[in-house]
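Notes to accompany the following structure.
The values are calculated or read from the model by the stated rules, or taken from the named source; none is laboratory data. Given the structure is predicted, the values throughout are model-derived calculations rather than measurements. Cβ atoms come from the backbone with ideal geometry, glycine included; neighbour counts cover every protein chain shown. Keep in mind that these areas ignore ligands, DNA and RNA; they rest on the heavy atoms of the full protein, side chains included. Shrake-Rupley method; radii C 1.70, N 1.55, O 1.52, S 1.80 Å.
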Amino acid sequence: MNVTKLNHYLIVLLCFVFGASTYAQDDDKDNYDNDEDINLDSSSSIVRLKRNYNIGDGINFISENGSSMNITQSVQSLYLMNTSDDFETMNSQFRIRRARMKVSGNLFDKKLYYRIRLNFASDYQSTTSGNRSFNNLLQDAYIEYRPAKGHRINFGLRADYLDSRETRIEGEVLGFIERSELSSAFDAIFDYGIRYQGQFRIGGQLFKPYVSITTGEGQSGLTKNYGGFKYGARLDYLPFGSFSKLGEFYMEDLAREKKPKLVLGAVYSYNDGQTSAKGTNGGRYLYGDANQNIVLPDYQKFGVDYMFKYRGFYSLGSYFMTQASVPNNIAGEFSLSGKFTPYTGTPEEAKNKVLSRLNLGSGFNVQAGYLLPSNWSFGVRYTQLYQDEVSNSFDTYDKNYSLVATKYLAGHDLKIQTEIGKSNIKGGSNDYLYGQVMVTIQL
């Protein structure tokens, strides 16, 4: 192998090591201005590499026939300190909140899109153990067919459309360091399935429908789907047209919308056979009838949400509620090792045991922020949760208050965030106080 060819292979290898994360959950950004033609070796087709690099661009390859590949990476480094409001105990930690690498691209004149994303900061032992275990290193792995502008059909693992609007916004472009407690309580996020995303104008008004059929098991659905499928739909209405610069998929108004922009959404999902608290870590809870056939509860989720932006100001809000139905013939449960244990109590006690493992109740989140001309942003958030009498515990912190300040050095590609907050501990004498700082870089 000659030195010239070796240098070209080293360039390709470095491209895989140094890349950046995606800009939004649903929309990839293609930026191939200022390209440069190169030959990787004598047998390859000509590809183009971007000549001028801006932070956040990633590394882009384009072939002669228009096929493309983008390799990107992001890192978020976090420091967290928390205490009770009497300051008797104090804890702190440094951690890598996210360390992601994404490979995506287009084929056949952009009719096919593919995406693979790994989160290296998430390789830990799941709370689901035994023979129903998984880890969430793999976050995205799907192929999408785009038959016409505004219409997409994707198949594989990705963030679903059936959660709150916060999950439509990736972690690197959140206006706060974390999503709200509402998202923690009810959003399953990643799942495997088939989905449709559309865009229509009716009477001059813009509508975006989403339809989804997934396993309902989260990432563990890649191993086995224990129940039936999860079915759902979302409908978004944009009365003032599309947001500028994909502003629907990040929080602050970095585009500084010159005209008001608003999206209103409604979402519903039905999981035919729920095996975890909210549709994540599927297989965690399995039940059986008297003949030890698997019998599972069904789980429904309803939600409405909005996002508004105008001249540097934004506001986002969501309301969600859940409910479940339990079959009458549940007679026992399977342990994580597969052993069946019959129930000895009444049918009502068995039903309550099943319900006590599901996130049942409601909650809302509302937040707002303003971006100054200096690219300093300030935001405030309030979240409240209401847990049903019989439910898995998700409202330990039932009232949550947050304040955040962000300095954008290069948009969402390089920023520093500082957040302080207070959470009311339900039924407790002391509240939870925290402060955290995070640095985000996308290369």
Those residues that are surrounded by fewer than 20 Cβ atoms within 10 Å (Cβ to Cβ) and farther than 21 Å from Tyr285 by Cβ, I need them from region 223-237; list them, please.
Ala233, Leu235, Tyr237
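Out of curiosity, is Arg165 surrounded by 15 or more Cβ atoms within 10 Å (Cβ to Cβ) and either modelled with pLDDT under 90 or of a type outside the set (Phe, Trp, Tyr) (or both)? Don't jump to the end; show me each part of the working.
Details: surrounded by 15 or more Cβ atoms within 10 Å (Cβ to Cβ): yes; either modelled with pLDDT under 90 or of a type outside the set (Phe, Trp, Tyr) (or both): yes.
So Arg165 fits the description; yes.
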Report every pair of residues separated by at least 6 positions or lying on different chains whose Cβ atoms are under 7 Å apart, first residue within region 335-350 and closer than 22 Å to Ser276 by Cβ, second open to solvent by 70 Å² or more (accessible area, probe 1.4 Å).
Leu336/Asn131; Ser337/Asn131; Gly338/Asn131; Phe340/Gln292
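When the residues of region 297-326 are narrowed to those that are part of a loop (DSSP other than H, G, I, E, B) and touching a helix residue (DSSP H, G or I) at 6+ places or on another chain (Cβ under 9 Å), which ends up least open to solvent (accessible area, probe 1.4 Å)?
First, pick out the residues of region 297-326 that are part of a loop (DSSP other than H, G, I, E, B): 297, 311-312, 326.
Now restrict to residues that are touching a helix residue (DSSP H, G or I) at 6+ places or on another chain (Cβ under 9 Å): 297, 326.
On the way: Pro297: 1, Val326: 25 Å².
By that ranking, first place goes to Pro297.
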Being surrounded by fewer than 17 Cβ atoms within 10 Å (Cβ to Cβ) and within 30 Å of Arg284 (Cβ to Cβ) is the requirement here; does Val390 meet it?
yes
If you check Ile213 against the conditions, is it open to solvent by 50 Å² or more (accessible area, probe 1.4 Å), in contact with a Gly (Cβ under 7 Å, 6 or more places away or on another chain) and either in a strand (DSSP E or B) or charged (D, E, K, R) (or both)?
yes
When both residues are 6+ apart or on different chains and their Cβ atoms are under 6 Å apart, which pairs have a first residue that lies in region 313-332 and is in contact (Cβ under 8 Å) with a residue 24 or more places away in the chain, and a second that is among the basic types (Lys, Arg) and open to solvent by less than 40 Å² (accessible area, probe 1.4 Å)?
Ser318/Arg165; Thr322/Lys301
For Asn291, work out the one condition from (1) more than 20 Å from Phe200 (Cα to Cα); (2) in a loop (DSSP other than H, G, I, E, B); (3) open to solvent by less than 30 Å² (accessible area, probe 1.4 Å); (4) at pLDDT 95 or above it doesn't fulfil.
(3)
Pairs only if they're at least six apart or on different chains, beta carbon under 7 angstrom, first in region 396-423 and touching a residue at least 60 places away in the same chain (Cβ under 8 Å) and assigned to a strand (DSSP E or B), second open to solvent by less than 50 Å² (accessible area, probe 1.4 Å) and basic (Lys, Arg); list them, first residue then second.
Ser402/Arg381; Thr406/Lys415; Tyr408/Lys415
Considering each of Lys426, Lys422, Lys415 in turn, give the residue that is of a type in the set (Lys, Arg), touching a Lys or Arg at 6+ places or on another chain (Cβ under 8 Å) and either open to solvent by less than 50 Å² (accessible area, probe 1.4 Å) or farther than 30 Å from Asn60 by Cα (or both).
Lys415
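Output the residue which, of all residues in region 332-383 that are part of a loop (DSSP other than H, G, I, E, B) and hydroxyl-bearing (Ser, Thr, Tyr), is surrounded by the most Cβ atoms within 10 Å (Cβ to Cβ). Step through it out loud before you land on a result.
Residues of region 332-383 that are part of a loop (DSSP other than H, G, I, E, B), as a first pass: 335-339, 343-346, 356-360, 372-375.
Imposing the further condition that a residue be hydroxyl-bearing (Ser, Thr, Tyr) reduces the set to 335, 337, 343-344, 346, 356, 374.
Details: Ser335: 12, Ser337: 9, Tyr343: 16, Thr344: 8, Thr346: 9, Ser356: 14, Ser374: 8.
Of everything passing the filter in region 332-383, Tyr343 is surrounded by the most Cβ atoms within 10 Å (Cβ to Cβ).
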Enumeration of residues in region 245-262 that are touching a Lys or Arg at 6+ places or on another chain (Cβ under 8 Å) and either more than 25 Å from Arg195 (Cα to Cα) or surrounded by 19 or more Cβ atoms within 10 Å (Cβ to Cβ) (or both)
Gly247, Glu248, Phe249, Asp253, Leu254, Ala255, Arg256, Glu257, Lys258, Pro260, Lys261
Could you say which residue among Ser220, Ser180 is crowded, with 23+ Cβ neighbours inside 10 Å, at pLDDT 95 or above and either under 19 Å from the mean Cα position of the chain (by Cα) or more than 30 Å from Thr418 (Cα to Cα) (or both)?
Ser180
